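The values are calculated or read from the model by the stated rules, or taken from the named source; none is laboratory data. Given the structure is predicted, the values throughout are model-derived calculations rather than measurements. Positions of Cβ are generated from backbone atoms using ideal geometry, with glycine treated the same way; all protein chains shown enter the neighbour counts. With ligands, DNA and RNA removed, areas are computed over all heavy atoms of the protein, side chains included. Shrake-Rupley method; radii C 1.70, N 1.55, O 1.52, S 1.80 Å.
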Amino acid sequence: MPFGGGNKCGCCQKTVYFAEEVQCEGKSWHKSCFLCMVCKKNLDSTTVAVHGDEIYCKSCYGKKYGPKGYGFGGGAGTLSMDTGEGLGIKPEVQAPHRPTNNPNASKFAQKSAGSEVCPRCGKTVYAAEKVVGGGNSWHKGCFRCAKCGKGLESTTLADRDGEIYCKGCYAKNFGPKGFGFGQGAGALAHSQ
C-alpha cells in the first residue's frame, strides 16, 4: 500500500480508502468510479468486463470487442442501426446497391474465358469471394436483394429471372395477391 493511506483508483488516480474500495483485476476503484467507460452504468463483479486498463459493462464490451457481422445482433431478434461510432468503431462503407443490368440471365452466357462473372457488377468472381445462389456465382458484397439491398444467404434467398431477392421482397413483388394475402395481422394491401 503506497504512503498516503491507500491504493490509487484505476479511474481518477486518487487514493482509495477501504470503506469505498472495489477491487477488480488486482486494481482498486472508488465505488463511484467503478463505471462502464462508454455508457457510465454502475458495475459489479457480475457485470464487469475488463480490456487492458479499461472496464466496460458486458453489453458495451461486446459491441466494441465482440464478434461482428450477420448473426451477432443485439439479441431477442432485434435489429439495430447502431454502427458503434460512439464506441470508437469505424463503420464499413459499402458500395451503393445496383440491381443487375444483364439482359441474359443464363449462367452460361455470363462465363468469360473460363472465369465466372458476377451478374450484379459484371466483374470476375474469384474463389475466395465467391457465393453461389440463384444458379450464378456472386461476389460476397453483391449477394444482396435486388429490391431492398439486404444481404442474403442461401437460406434467405429467392430467385426469379436470374435476379436474387430476400424472401420479403420476393413475396411482396411476386407472391399471391388479393384477399387473404395481406401484409400480416389482417391488413389489406393496396396494389396498383
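Tabulated values for the structure
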{"read-out": "Relative contact order computed over the range 1-66 (Cα-Cα under 8 Å; 6+ residues apart), in percent", "value": "20 percent"}
{"read-out": "In nm, spacing of pseudo-spin labels at Cys39 and Asp159 (7 Å Cα→C-beta vector)", "value": "4.2 nm"}
{"read-out": "Residues with amide H under 5 Å from that of Lys31, placed H, sequence gap 5 or more", "value": "Val22"}
{"read-out": "Share of carbon and sulfur in the accessible heavy-atom surface of the range 1-66 [1.4 Å probe, %]", "value": "54 percent"}
{"read-out": "Under-5 Å amide H pairs with Gly133, H placed in peptide plane, nonlocal only", "value": "Trp138"}
{"read-out": "For Thr47, solvent-accessible area (1.4 Å; no DNA, RNA or ligand), Å²", "value": "50 Å²"}
